[in-house]
Amino acid sequence: MNAGDLPLAKIFWGIFAVEAMVVAFMLAKVAGSIGEYKGENGGLVGAWLVLIPLVVLVVAAGLFLVAKAPWIRIACIVLLLLPVLSPMVGAPVQLVVRSVGGRMRDVEQERYRRGEHLFREAGPRALAAAIADGDVARINAALPGAGDLNRQVPTNRTYYVPLGDSATFLTFALERADESDGFAEVIRALLAAGANPNVPRGQPLAAAIALSTRAMELLLAADADVNADNGAGGLVWWNVLEVGDRSSRDVTRLQMLLDHGADTRYRNASGQGPIELAVEGERWNAILLLAQHIPGAKDVVIGRNVNTGQEGETVHARLAREVQSLKARGQPIPEAMRAALAFFDAL
């Protein structure tokens, strides 16, 4: 080793000594957990992670001892410094990447909010953006250039959609449905301009049933078909028995659908009707209301399976059994459940 190599040697072995002590400490820390799996930082997994810097140290030391060229020795020093240098270099890079990525996500989310993923031309995009902003004045101004309000555009969802994988301006608006006056004005403007509450089949009403009583009222007033096929073998009005809080006592939406001609006699291919759906979903307020619209509801048999020979039981018997089960366990009986049973008992 010549005199010119001495500073490199001092630097290398100084760094080596410090990192060797750190690696030794890490090995000692995980030694007691060998044989136990404790996730990514414990047991054998942790031991293997510690062995990686140990291998780096051995390789760097071997290269430094046998190398003669100064540039190789400098490379060995840099190799040892990587654990220190990488955060110093990586942190700013990561910050820039996150910042750029965050801005790109914000731009994409804004494009999605404005409906640019659905509507490609300038006219339809102007209307979609006005709908997204809830600006009725801009909606009315954009309507003439938007083309056919009932044109269906593909949504290109990656999952199965029972009611179809397409959208219109009306269904786009209903994605942000609420009970506000502003939203109601948006729906009124679209309906007044010719938006069809039944295009795509059942979708507008299905969205309203899930999100907004006020939107439902507006669509029903515009002759939305409550008995449209829901794409799952039932009718679109059945969705009210599957969404929202099952313990809610509010049956406003169900009452509105019944008042607008909901077919309570319909049965799907399996023979299931709305009363069975309500019982299985434990929607006791809905059961009580449906029972008043379905003659013989107490004697409707649920749980029958012709393939297994299971006989099933009547709605009345099922309800009585559920109440008795709650009593036996000392659990409270929902008032709507008690009322429904009393209604059946009185028939």
Response to the item:
Of those in segment 211-223 that are open to solvent by 10 Å² or more (accessible area, probe 1.4 Å) and assigned to a loop (DSSP other than H, G, I, E, B), the residue farthest from Ala128 (Cα to Cα) is Asp223
Discussion item. Of everything in segment 256-277, what is within 26 Å of Ser212 (Cβ to Cβ) and part of a helix (DSSP H, G or I)? Give them in sequence order.
Written reply: Met256, Leu257, Leu258, Asp259, Pro274, Ile275, Leu277
Worksheet item: Filtering segment 259-287 down to residues that are buried (at least 21 other Cβ atoms within 10 Å of the Cβ) and within 19 Å of Glu217 (Cβ to Cβ), which residue is modelled with the highest pLDDT?
Response: Ala262
Practice prompt. State yes or no: is Val251 β-branched (Val, Ile, Thr), out of contact with any strand residue (DSSP E or B) (no Cβ under 6 Å at 6 or more places or on another chain) and crowded, with 22+ Cβ neighbours inside 10 Å?
Written response: no
Worksheet entry | Failed item in (1) surrounded by 14 or more Cβ atoms within 10 Å (Cβ to Cβ); (2) over 23 Å from the mean Cα position of the chain (by Cα), with His117 passing the rest | (2)
Worksheet item: Which one of the conditions (1) out of contact with any strand residue (DSSP E or B) (no Cβ under 7 Å at 6 or more places or on another chain); (2) open to solvent by less than 50 Å² (accessible area, probe 1.4 Å) does Val78 fail to meet, given that it meets all the rest?
Response: (2)
Discussion item. Whether any residue in segment 10-29 is closer than 20 Å to Val58 by Cβ, at pLDDT below 80 and open to solvent by less than 60 Å² (accessible area, probe 1.4 Å) is what I want to check.
Written reply: yes
Worksheet entry | Which numbered condition Asp181 misses (of (1) touching a Gly at 6+ places or on another chain (Cβ under 6 Å); (2) surrounded by fewer than 12 Cβ atoms within 10 Å (Cβ to Cβ)) | (1)
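Say whether the condition of being under 30 Å from Arg188 (Cα atoms), loosely packed, with under 12 Cβ neighbours inside 10 Å and not polar (S, T, N, Q) is met by at least one residue in segment 82-104.
From segment 82-104, those under 30 Å from Arg188 (Cα atoms) are none; that's our starting set.
Within segment 82-104, none of the residues are under 30 Å from Arg188 (Cα atoms), loosely packed, with under 12 Cβ neighbours inside 10 Å and not polar (S, T, N, Q).
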Worksheet item: In segment 335-347, which residues are buried (at least 18 other Cβ atoms within 10 Å of the Cβ) and under 37 Å from the mean Cα position of the chain (by Cα)?
Response: Ala336, Met337, Ala340, Leu341
Worksheet item: Checking Ser166 against (1) at pLDDT 95 or above; (2) under 21 Å from Ala146 (Cα atoms), which single condition isn't satisfied?
Response: (1)
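Return the only residue of Ala132, Ala208 being open to solvent by less than 30 Å² (accessible area, probe 1.4 Å), touching a residue at least 40 places away in the same chain (Cβ under 8 Å), part of a helix (DSSP H, G or I) and among the small types (Gly, Ala, Ser). Steps first, answer last, please.
Values: Ala208 fails: touching a residue at least 40 places away in the same chain (Cβ under 8 Å).
Testing whether each residue is open to solvent by less than 30 Å² (accessible area, probe 1.4 Å), touching a residue at least 40 places away in the same chain (Cβ under 8 Å), part of a helix (DSSP H, G or I) and among the small types (Gly, Ala, Ser) leaves just Ala132.
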Discussion item. It is to be established whether one or more residues within segment 293-310 are open to solvent by 40 Å² or more (accessible area, probe 1.4 Å), charged (D, E, K, R), outside any helix (DSSP H, G or I) and closer than 23 Å to Ala207 by Cα.
Written reply: no
Response to the item:
Here the qualifying pairs (Cβ atoms under 9 Å; residues six or more apart or on different chains; first in segment 319-347 and modelled with pLDDT of 95 or more; second surrounded by 11 or more Cβ atoms within 10 Å (Cβ to Cβ) and assigned to a loop (DSSP other than H, G, I, E, B)) come out as none
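Given the criteria over 25 Å from Phe119 (Cα atoms) and open to solvent by 10 Å² or more (accessible area, probe 1.4 Å), does Gly233 qualify? Lay out the reasoning, then the answer.
Details: over 25 Å from Phe119 (Cα atoms): yes; open to solvent by 10 Å² or more (accessible area, probe 1.4 Å): yes.
Yes.
Between Asp250, Asp181, Asp165, which is within 21 Å of the chain's Cα centre (by Cα) and on the phi < 0 side of the Ramachandran plot? So that I can check it myself, show each step before the final result.
Working: Asp250 fails: within 21 Å of the chain's Cα centre (by Cα); Asp181 fails: within 21 Å of the chain's Cα centre (by Cα).
The unique qualifying residue is Asp165.
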Worksheet item: Which of the residues that make up segment 236-247 are surrounded by 12 or more Cβ atoms within 10 Å (Cβ to Cβ) and in a loop (DSSP other than H, G, I, E, B)?
Response: Glu242, Val243, Gly244, Arg246
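The values are calculated or read from the model by the stated rules, or taken from the named source; none is laboratory data. None of the values given here were measured: they were computed from a predicted structure. Reconstructed Cβ throughout: ideal geometry from the backbone, glycine too, with neighbour counts over all protein chains shown. Just the protein is used for accessible areas: all its heavy atoms, side chains included, with ligands, DNA and RNA removed. Shrake-Rupley method; radii C 1.70, N 1.55, O 1.52, S 1.80 Å.
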